[in-house]
């Protein structure tokens, strides 16, 4: 009976009207009024919204989110779903990947604020980047070291050290450095030893010109002062590097076989450059991409589980027939598995598109105040305008209506696909 069906549906209809229909209607009505809600403004709030630089930035960031996040999550979910079919511990693997879904966006924001910490000793991202960088390009031996001033060596604009006088074969130089960090000093406390001048060679000693506890003569090697091994020294003539040496365990270096001439000694800036400390992940340039990385970490497990369910429904005969016909695994995946999975992939992709259009809490928690404007998205802009200092709920409602209109086509598409699947 219609009245009986209506009686059973009425609680749900009341909840739908109270939680969905009324908020949409009231938000639309409120978007046509001023901040106080008393004066009717028509479409003024919508015009103001699109003229705002912060709104345009938020729209641009939402476009980035829309193009990147759902695509990456769906692709990774597909790969993991296919891979987990071939591993022994598939259930445990899926559990580990799905676990981030059990974490709130607030907790994920706190976790990734630690992951993206600037200090490599605290932040996992920078620790990884720095470790790889140092393997490819080793860090400087003595970052921040400098010559004594005044002294025979001066620091150049490019960070290198250059002797203020020339040296001829048979002479030796003393290169005393200060500002050497304790962590850079070699273990063993090897004392520096002056390099004796020998005919036909230019030599010298590089050492830490500092006596623990004070004292000593600046520019002279005093007892207890330590050698600095591993420093690159160059002999330069007429602006050209003619020989290169590296200091030994006692700080000594020698250039042999040099023709008679006057040579300038140079210590390249690579000896003293500050170590690579990674990237400012949450700075204005990378903040949006970094937050997307956190989102991908959270939602890849969701995509994997849905796609794995669709994969389990694919007839195995189709895959085996493709393999029997000589198809490689990549060809089977691309030409058989993906087409058969396409309905599931579309649903996952559209669902994630709806989700990223509404993303708020991860951006709000993870983006620091200094770069929040650069990471701004529409949902965050709506909150900032309405409650986060702007206190203009008319303009905030206009943003809410605009966001609703953006989400609506994807929602309709998903509902229509669901009804077609039911039929």
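The values are calculated or read from the model by the stated rules, or taken from the named source; none is laboratory data. Small disclaimer: the values here were computed from a predicted structure and weren't measured. Don't worry about glycine lacking a Cβ; one is built from the backbone with ideal geometry, like all the others, and counts go over all protein chains shown.
Here the strands (runs of 3 or more DSSP E) wholly within region 153-204 that include at least 1 residues being in the same structural domain as residue 238 (by TED's automatic domain parsing) and surrounded by fewer than 16 Cβ atoms within 10 Å (Cβ to Cβ) are 153-155, 172-178. What about residue 237, is it surrounded by fewer than 19 Cβ atoms within 10 Å (Cβ to Cβ), more than 23 Å from the chain's Cα centre (by Cα), modelled with pLDDT of 90 or more and closer than 17 Å to residue 185 by Cα? Spelling it out, it is not the case that residue 237 is surrounded by fewer than 19 Cβ atoms within 10 Å (Cβ to Cβ), more than 23 Å from the chain's Cα centre (by Cα), modelled with pLDDT of 90 or more and closer than 17 Å to residue 185 by Cα. The helices (runs of 4 or more DSSP H) located wholly in region 296-366 include none with 3 or more residues which are outside the structural domain of residue 101 (by TED's automatic domain parsing) and under 20 Å from residue 102 (Cα atoms). With respect to the conditions (1) closer than 13 Å to residue 62 by Cβ; (2) surrounded by 21 or more Cβ atoms within 10 Å (Cβ to Cβ); (3) in contact (Cβ under 8 Å) with a residue 24 or more places away in the chain, residue 382 falls short on a single one, namely (3). For region 385-423, a residue qualifies if it is in contact (Cβ under 8 Å) with a residue 12 or more places away in the chain and within 19 Å of residue 65 (Cα to Cα), and the qualifying residues are 399, 400, 402, 403, 404, 406, 407, 410, 411.
When region 313-359 is limited to residues that are under 32 Å from the mean Cα position of the chain (by Cα) and free of Cβ contacts under 8 Å to residues at least 24 places away in the same chain, the one that is nearest to residue 70 (Cα to Cα) turns out to be 342.
Here are some residues: 117, 75, 127. Which one is modelled with pLDDT of 90 or more and not in a helix (DSSP H, G or I)?
Details: 75 fails: not in a helix (DSSP H, G or I); 127 fails: not in a helix (DSSP H, G or I).
Step by step, each of 117, 75, 127 is checked, and only 117 is modelled with pLDDT of 90 or more and not in a helix (DSSP H, G or I).
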